[in-house]
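The next block holds one structure in the form of structure tokens; read it before the comments.
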Amino acid sequence: MSEQPRQSGATEEYDVIVIGAGVSGMYALHHFRQMGLSVRVYDGASDVGGTWWYNRYPGARVDGPGSPFYCYTFSDELMQEWDWEETQSEWSAVLASLEPVADKFDLRKDIQFETWVKDARWDDAAQRWHVETDTGVQASAPFLICAVGALSTTNMPDIPGLHDFAGECYHTGRWPHEPVSFEGKRVAVIGTGSSGIQAIPEIAKTAAHVTVLQRTAQFAFPCGNRPITPEDMAEARENWDAIKAKMYANMGGFPHDGNTRSALEDTPEERRALYESLWQRAGFKFFLDLYADIAANEEANASLSDFVRDKIREIVDDPETAEKLLPDHYVMTKRPILENGYFEAYNRDNVTLVDLREDPIERFTPNSVITRSGEHPIDMLVLATGFDAISGTMLKLDPKGRDGLALKDRWHDRFHNYVGITIAGFPNLFMIHGPGSPGVFYNMPLGAERQLAWIGDLIQHMRDQGQATVEPTTESEDAWAGEVGAIADATLFPRTDSWWTGANVPGKPRYFSAYLGGDIYYQRIADVAKDYAGFVFEPARGEEDAEAS
Ligand code: N01
């Protein structure tokens, strides 16, 4: 294997092909290059950033623990050079932090942008993946890394007449690069997940009217965005080694200690006092400092749900609107949302809420949306309807494994995988943040670094042992599914319809597919790597034949 790409006829040959130039794909390129491998990356966007390149709707901000810890850890120099200004950075600041990474490590020269991989196929005789792009590129490599994003393929609602709507129509996950003006317009927003809840107050600032079409009321918590001062940055840089060590040891990959107490150890008054202090402090730390059993115990869960519902009633002036905004699922079992003035937006004269449970959408016309109760004339429609998450983009790619096996067929009933990275029947294919891994339940840049380090070690092991292919057995996949399921079933997560359970996409297998163990996952895959139990290896075809003769 070498760093230099080769050419065989019309096919470009590499050691590793990476699909996606988001946070994971960028690091994949760097990591495998460091191993001396030739790498080619393809991405449909025109620059790096993945999710952050596409999700540039008004109000889009980091809604995790935030800067400066939503970042790579592999280069201390990066930490010394990065300057963050806010804890919950805007999308543009996140992109601006990734661009210097691409520059510093000269990543773009090995990334082909504006290029969709339309076919990926395993060639068993050659023991290589063959990839074809919509720009006519044919390429092959023994290893295929699918860094395709957990929140990438948009979920488009199927509503009668939607395509007849003649006004402007945007999906938050594919927001245009040109400025969008809401000035004086009547805007309807479908969807009140993280994207809708971030966008609605921003749109309401200039729109003539905003009609929010809500299917499920959501628990949302104050975002608590704060400036990061030069002194804060200096302190983070100075203590970076200790911070990094804490991130590696923490359940979610963030430098926080967390709370190990059960809510039931405290009196109702003590619980309320904790929730109130966390609400006042605001930010993602709210969730990290909550009781450990909020998402596992019904009584603990109800104590927080009641608290948030009371907050919504307090904030929203009109009691009828407030009532419609009260969520009725287990709090935390849909992705908890950080908001910036969302509930307050309903106190404006130009925002109205339609509860689709009692007043469903019947159809769109060229200039309106008609619900059971009547017609709402609109100039613009914003679809904040989320994603076919976690598995959706892998299925859109639909790679073909051994004997032409389509992933769509392999995954028709559930997203079979082993260690959240590999799939039986698909040798040498590796997923980043796929089903069966912590994915979105872990600091995503750090999670990508850790998964890619594991994959790099496996490839090195294969080189050392003279093996050409690796794939898991279906037995190891079933055992892994049992482990993932057992952890999830000890919580309330599987009981709620969410994109975590696949319930947001009609026809998708409905089950909780993420490995909820956080840091335990990385211990588990490190254990697997001691002897790679559960995997089958094959030497290069020529060597196998030579041994047989
Ligand atoms: O998507 P969602 P999102 N008719 O699936 C509704 C991350 N994120 O883009 O709940 C009517 O959460 C749907 O209703 P229901 C974050 O992890 C990060 O908002 O399915 N309504 C729901 O209200 C987040 O969790 C950041 O009943 C329909 C909404 O649309 C994840 O991305 C920012 C419908 C979709 O909510 C996804 O968030 C934003 C239909 N046919 C997001 N179909 C940052 O960190 C769907 N809905 C910056």
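The values are calculated or read from the model by the stated rules, or taken from the named source; none is laboratory data. What you are looking at is a predicted structure, and each value in this text was computed from that prediction instead of being measured. Don't worry about glycine lacking a Cβ; one is built from the backbone with ideal geometry, like all the others, and counts go over all protein chains shown. Please note that ligands, DNA and RNA were not included when accessible areas were found on the heavy atoms of the full protein model with its side chains. Shrake-Rupley method; radii C 1.70, N 1.55, O 1.52, S 1.80 Å.
Of all residues in segment 493-500, one or more are within 16 Å of the ligand (Cβ to nearest atom) and over 23 Å from SER152 (Cβ atoms). With the structure loaded, tell me whether GLU276 is more than 16 Å from the ligand (Cβ to nearest atom), within 23 Å of PHE441 (Cβ to Cβ), touching a Phe, Trp or Tyr at 6+ places or on another chain (Cβ under 9 Å) and among the acidic types (Asp, Glu) or whether it fails that test. Judged against the criteria, GLU276 is not a match.
Assess whether ARG215 counts as being surrounded by 15 or more Cβ atoms within 10 Å (Cβ to Cβ) and within 27 Å of the chain's Cα centre (by Cα). So ARG215 fits the description; yes. Within the set TRP116, TRP129, the sole residue that is touching a residue at least 12 places away in the same chain (Cβ under 8 Å), open to solvent by 20 Å² or more (accessible area, probe 1.4 Å) and closer than 25 Å to ALA448 by Cβ turns out to be TRP116.
Within segment 134-163, track down each residue that is open to solvent by less than 30 Å² (accessible area, probe 1.4 Å) and farther than 23 Å from PHE387 by Cα. Of everything in segment 134-163, those that are open to solvent by less than 30 Å² (accessible area, probe 1.4 Å) and farther than 23 Å from PHE387 by Cα turn out to be VAL137, ALA139, SER140, ALA141, PRO142, PHE143, LEU144. Among what's in segment 29-62 and is within 16 Å of the ligand (Cβ to nearest atom), part of a loop (DSSP other than H, G, I, E, B) and free of Cβ contacts under 8 Å to residues at least 60 places away in the same chain, pick the residue that is surrounded by the fewest Cβ atoms within 10 Å (Cβ to Cβ). Within segment 29-62, the match that is surrounded by the fewest Cβ atoms within 10 Å (Cβ to Cβ) is VAL62. Taken together, GLU81, GLU90, GLU77 contain a single residue that is touching a Lys or Arg at 6+ places or on another chain (Cβ under 9 Å) and either closer than 24 Å to CYS223 by Cβ or within 16 Å of the ligand (Cβ to nearest atom) (or both), which is GLU90.
Taken together, the residues in segment 430-454 that are aromatic (Phe, Trp, Tyr) and touching a strand residue (DSSP E or B) at 6+ places or on another chain (Cβ under 8 Å) amount to 1.
Table: residues versus (1) open to solvent by less than 60 Å² (accessible area, probe 1.4 Å); (2) within 28 Å of GLY341 (Cβ to Cβ); (3) assigned to a helix (DSSP H, G or I); (4) among the β-branched types (Val, Ile, Thr).
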position: HIS256; (1), (2), (3), (4): yes, yes, no, no
position: ARG261; (1), (2), (3), (4): no, no, no, no
position: ARG271; (1), (2), (3), (4): yes, yes, yes, no
position: GLY283; (1), (2), (3), (4): yes, yes, no, no
position: TYR291; (1), (2), (3), (4): yes, yes, no, no
position: ILE294; (1), (2), (3), (4): yes, yes, no, yes
position: ALA300; (1), (2), (3), (4): yes, no, yes, no
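Regarding PHE307, is this residue open to solvent by less than 30 Å² (accessible area, probe 1.4 Å), in contact (Cβ under 8 Å) with a residue 24 or more places away in the chain and within 27 Å of VAL351 (Cα to Cα)? Judged against the criteria, PHE307 is a match. Taking the criterion of being open to solvent by less than 10 Å² (accessible area, probe 1.4 Å) and either part of a loop (DSSP other than H, G, I, E, B) or among the aliphatic types (A, V, I, L, M) (or both), the residues of segment 451-465 that qualify are LEU452, ILE455, LEU458, ILE459, MET462.
Can you say whether ALA199 is more than 16 Å from the ligand (Cβ to nearest atom) and either in contact (Cβ under 8 Å) with a residue 40 or more places away in the chain or open to solvent by 10 Å² or more (accessible area, probe 1.4 Å) (or both), as far as the supplied structure shows? No; evaluated as a whole, the condition is false for this residue. Taking the stated definitions as given, is THR229 open to solvent by less than 40 Å² (accessible area, probe 1.4 Å) and polar (S, T, N, Q)? Spelling it out, it is not the case that THR229 is open to solvent by less than 40 Å² (accessible area, probe 1.4 Å) and polar (S, T, N, Q).
Within the option set ALA514, ALA479, ALA468, ALA448, being assigned to a helix (DSSP H, G or I) and either among the polar types (S, T, N, Q) or in contact (Cβ under 8 Å) with a residue 60 or more places away in the chain (or both) holds for one residue only, ALA448. Taking segment 376-399 as the range and being within 30 Å of ARG121 (Cα to Cα), crowded, with 23+ Cβ neighbours inside 10 Å and near the ligand (Cβ under 10 Å from one of its atoms) as the test, the residues that pass are GLY386, PHE387, ALA389. Within segment 232-254, if we keep just the residues that are of a type in the set (Gly, Ala, Ser) and buried (at least 16 other Cβ atoms within 10 Å of the Cβ), the residue that is farthest from the chain's Cα centre (by Cα) turns out to be ALA236.
Would segment 87-97 turn up any residue that is outside any helix (DSSP H, G or I), open to solvent by 10 Å² or more (accessible area, probe 1.4 Å), touching a residue at least 60 places away in the same chain (Cβ under 8 Å) and not aromatic (Phe, Trp, Tyr)? Checked segment 87-97: at least one residue is outside any helix (DSSP H, G or I), open to solvent by 10 Å² or more (accessible area, probe 1.4 Å), touching a residue at least 60 places away in the same chain (Cβ under 8 Å) and not aromatic (Phe, Trp, Tyr). Per the conditions (1) open to solvent by 10 Å² or more (accessible area, probe 1.4 Å); (2) assigned to a strand (DSSP E or B); (3) within 20 Å of ILE145 (Cα to Cα), the sole criterion not satisfied by VAL440 is (2).
A search for C-beta distances below 7 Å between a residue of segment 340-356 that is part of a loop (DSSP other than H, G, I, E, B) and of a type in the set (A, V, I, L, M, F, W, C) and any residue that is open to solvent by 20 Å² or more (accessible area, probe 1.4 Å) and within 15 Å of the ligand (Cβ to nearest atom), counting only pairs 6+ apart in sequence or on different chains, returns LEU356/ARG215.
Only one of the numbered conditions (1) part of a loop (DSSP other than H, G, I, E, B); (2) open to solvent by 50 Å² or more (accessible area, probe 1.4 Å); (3) under 24 Å from THR393 (Cβ atoms) is violated by ALA166, and that is (3).
Entry remark, segment 145-191: residues being in contact with an Asp or Glu (Cβ under 8 Å, 6 or more places away or on another chain), more than 26 Å from GLY44 (Cα to Cα) and away from the ligand (no atom under 16 Å from the Cβ) number 3 in total.
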